[in-house]
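Report on the structure given below.
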Amino acid sequence: MLVCGKIVNTHGLRGEVKALAYVDSPDFFDAVKTLYTDNGRTLKLKNWRVSKGAVLLKFTGVDTVEAAEELKNQEISVKREDLPPLPEGRFYIADILGMEVITDAGRNLGKVVDVFKTGSNDVYTVRGDEGEFLIPVIDEVILSTSLAEKRIIIKPLKGLLDDED
C-alpha cells in the first residue's frame, strides 16, 4: 500500500472531504479508483477536484456531512498494483524514505528521513551518525538510486557536506 494523503475535514453538506495530498500533483487521483483508510475501510473514488489549494474528494456512498465526518483524520492509501508505472528515474517518496545515502567515495551519510519540495527540485533530508544533511535531488548530485539495494549514491557538490571547502 502507498499512503497518498490524509482526510483532514469535511466539505459542504453532500459528503465531500478535504484531503491533504502527499503526492506530486492532484492529477494522481485521475488514475485512482479505490482508496483505503488506515482503519480498513474501502472507498470508491467517484470524483475529485481542487479548491483553494486543497483536494476535495467525493466517494460513492458517502453522501452526507455525517458520513464524511466519519472519515476525518484517516490516512488514505492505494494498492501499488493499482498505480500506473512511474517514468524512468522517478520514485515514490515512500520508497525513498529509509534508503541509505552513500557518497561516491564510500562515505555513509545516513538514511533519508524526509523529502521536501523547493519548487525547482526535491531535497532529501539525510540523518546519520555525522548529523543531518540536505541533499538536492539534481542530476549533478544523485548518481544512482537502487530500490533493490535501498541505496542512493551521490556525488556531493563542493560545500554540500559540512567538512568540505
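Readers should treat all values here as calculations from the given coordinates under stated rules, not as data from a laboratory. Predicted, not measured: the structure shown is a model, and the values here were computed from it. A quick note on method: Cβ atoms are made from the backbone with ideal geometry, for glycine too, and the neighbour counts reach across all protein chains shown.
Considering Val50, Val32, which residue is among the hydrophobic types (A, V, I, L, M, F, W, C), surrounded by 11 or more Cβ atoms within 10 Å (Cβ to Cβ), touching a residue at least 40 places away in the same chain (Cβ under 8 Å) and touching a strand residue (DSSP E or B) at 6+ places or on another chain (Cβ under 8 Å)?
Val32
Whether any residue in the range 56-69 is charged (D, E, K, R), crowded, with 16+ Cβ neighbours inside 10 Å and assigned to a strand (DSSP E or B) is what I want to check.
Yes: the range 56-69 contains one or more residues that are charged (D, E, K, R), crowded, with 16+ Cβ neighbours inside 10 Å and assigned to a strand (DSSP E or B).
Considering only residues that are surrounded by 11 or more Cβ atoms within 10 Å (Cβ to Cβ), without any contact (Cβ under 8 Å) to a residue 24 or more places away in the chain and within 20 Å of Asp24 (Cα to Cα), which ones fall in the range 137-165?
Matches in the range 137-165: Val137, Ile138, Ile142.
Here are Gly61, Gly89, Gly53, Gly119: which of them is in contact with a helix residue (DSSP H, G or I) (Cβ under 8 Å, 6 or more places away or on another chain) and closer than 28 Å to Pro26 by Cα?
Gly61
Tell me, please, whether a residue that is in a loop (DSSP other than H, G, I, E, B) and among the hydroxyl-bearing types (Ser, Thr, Tyr) can be found in the range 34-47.
no
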